[in-house]
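A.B. asks: This is the structure I want to talk about, given as structure tokens.
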Amino acid sequence: MAEIAKLGKDKVFTRNFLYNGIRTNIEIKFNNDKRAIPFQCWVTRELHDYFEWFYLNIKLNFEGGSGVKISLNHPTRRNGLKKNMAENAKKYISQFIPKLMVRDEDNIRQYLNTPLTF
């Protein structure tokens, strides 16, 4: 999660994450687990009705893992302006990773119990 903490603080990382499609990996490990739960986050851009939407993508980064796609900006919301996208991304990552963990609990459990292969 250290890279996500750079959002809004490190201009180069923020620009690369929000505008250049750079993916960042987040691993969550609990004390008794041998493996970490891998997530990957990135931003995609889509043009709809003359408005450029920026979407945060968060995905469990293993086969069968699900993900979410959340709008970081909106043409009619003040907090949906481009200048707030880094703040929105940090907030949404902290909100949606736990939701994905609950939703994919069985897949995560199976992933964590699968032996590591090299």
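Every number here is computed from the coordinates shown, using simple stated rules; none is lab data. It should be emphasised that the depicted structure is a prediction, and the values quoted were computed from it without experimental measurement. Cβ sites come from the backbone with ideal geometry, for glycine too, and all protein chains shown count toward neighbours.
A.B. asks: Could you work out the helix-only [θ] at 222 nm for the chain, with each DSSP H run of four or more residues adding -39,500 (n - 2.57) and the total divided by the number of residues, to the nearest 500 deg cm²/dmol?
C.D. replies: Roughly -10500 deg cm²/dmol at 222 nm, from the helical runs in the chain.
A.B. asks: Under the Karplus relation 6.51 cos²θ - 1.76 cosθ + 1.60, θ = phi - 60°, what is the ordered set of whole-Hz ³J(HN,Hα) values for segment 11-20, x standing for Gly and Pro?
C.D. replies: The phi angles translate into 4, 5, 4, 4, 4, 5, 5, 7, 10, 10 Hz.
A.B. asks: I need the calculated FRET efficiency for the pair residue 113 and residue 46, taking r as the beta carbon distance and R₀ as 41 Å, to the nearest 0.05.
C.D. replies: So, using R0 = 41 Å, E works out to roughly 0.65.
A.B. asks: Once the piece of chain linking residue 34 and residue 22 is laid out straight, how much longer is it, given 0.36 nm per residue of separation minus the C-alpha distance between them?
C.D. replies: 1.5 nm
A.B. asks: Can you give me the angle between helix 85-103 and the longest principal axis of the chain, using Cα atoms only, in degrees from 0 to 90, rounded to the nearest 10?
C.D. replies: The angle comes out near 30 degrees.
A.B. asks: Based on the Cα atoms of the chain, what semi-axes does the equivalent ellipsoid have, where each is the square root of 5 times one gyration tensor eigenvalue, given in whole Å with the largest first?
C.D. replies: Each semi-axis is the square root of five times an eigenvalue, giving 29, 15, 12 Å.
A.B. asks: Using a simple charge model, +1 on the beta-carbon of Lys and Arg, -1 on the beta-carbon of Asp and Glu, nothing else, what dipole does segment 1-62 show about its Cα centre, in debye to the nearest 20?
C.D. replies: My answer is approximately 300 debye.
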